[in-house]
1. Only residues in segment 21-39 that are of a type in the set (Gly, Ala, Ser) count as the first member; pair them with residues that are part of a loop (DSSP other than H, G, I, E, B), Cβ under 6 angstrom, at least 6 apart or cross-chain, and list the lot.
2. Free of Cβ contacts under 8 Å to residues at least 40 places away in the same chain, touching a Ser or Thr at 6+ places or on another chain (Cβ under 9 Å), under 30 Å from residue 130 (Cβ atoms) and crowded, with 20+ Cβ neighbours inside 10 Å, is that true of residue 58?
3. So, residue 96, is that one closer than 27 Å to residue 37 by Cα, crowded, with 16+ Cβ neighbours inside 10 Å and among the hydroxyl-bearing types (Ser, Thr, Tyr) or not?
4. Identify all residues within segment 52-94 that are over 13 Å from the mean Cα position of the chain (by Cα) and farther than 24 Å from residue 31 by Cβ; write none if there are none.
5. Out of 179, 155, I need the residue that is surrounded by 16 or more Cβ atoms within 10 Å (Cβ to Cβ), β-branched (Val, Ile, Thr), modelled with pLDDT of 95 or more and farther than 22 Å from residue 233 by Cα. Which one?
6. Checking the structure you have, find out if any residue of segment 189-204 is out of contact with any strand residue (DSSP E or B) (no Cβ under 9 Å at 6 or more places or on another chain) and surrounded by 17 or more Cβ atoms within 10 Å (Cβ to Cβ).
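The values are calculated or read from the model by the stated rules, or taken from the named source; none is laboratory data. Everything numeric here is computed off the predicted structure, so don't read it as measured data. Here the Cβ is made from the backbone with ideal geometry for all residues, glycine too, and neighbour counts use every protein chain on show.
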Amino acid sequence: MKIALIGYGKMGKAIEEIALKKGHEVVLKISSFNTYILTSENIRSADVAIEFSKPETAYHNILFCLENGTPVVCGTTGWLKHLHQVTEKCKEVGGSFLYASNFSVGVNVFFEINDRLAQLMKDMSDYDVKIEETHHIHKKDAPSGTAITLAEGIITTGKKEKYALTENAASDELTITSIRRDEVPGTHVIEYTSENDRIVITHEAFNRKGFAAGAVLAAEYIHDKHGIFTMKDVLHIG
């Protein structure tokens, strides 16, 4: 499989390492220093594009791939106000698109555990719930895309109406605390607390390899398909 990497920072390089070990070929590497080579001819030479750039460029990169008939996997967060336009464009051109706030297999299992726990706790008024996420100091968006996905899983049950990035959230708001520390790859904690006890579930990433491996797995899944997919499709869960 021929892969285009749009975003060649630490994550892009981790993805490249895993892709090459699995026998794939990286035919295009786009960083902030060579965006001029992201041309129609070059992107069409790839079987699939993996997009890990920046919130301000992801939307246009995804559209460019779809318009040129290249399936695209995106892991950039912070651009989701444009998600509807992307999915409509994908349908319009008969393309292939997969977005995930987190490609880690472990995190996607964690999403399922979070959803199940939220269902169990939705009517237990004695318990309040909050989320804490910790990432490296280079991460620009807050809360993390993973934390938002976790929050949506809780909000869907009706226990909270929306999330708030504050310690002084209203009773109908789900508090998310975002911490930026050192080179932490990503830790997410869901905590339900009552006067009597506490229930905590945690996912802690040790490095970027899990995210990168999941992104390559997603690319392998969608490169010969048409439609809009999620990691649930890739992992056959949920």
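1. From segment 21-39, the pairs are 31/8.
2. Yes.
3. In short, yes.
4. 81, 84, 85, 87, 88, 89, 90, 91, 92, 93, 94, listed by residue number.
5. So the residue among 179, 155 that is surrounded by 16 or more Cβ atoms within 10 Å (Cβ to Cβ), β-branched (Val, Ile, Thr), modelled with pLDDT of 95 or more and farther than 22 Å from residue 233 by Cα is 155.
6. Looking for residues that are out of contact with any strand residue (DSSP E or B) (no Cβ under 9 Å at 6 or more places or on another chain) and surrounded by 17 or more Cβ atoms within 10 Å (Cβ to Cβ), one finds none in segment 189-204, hence no.
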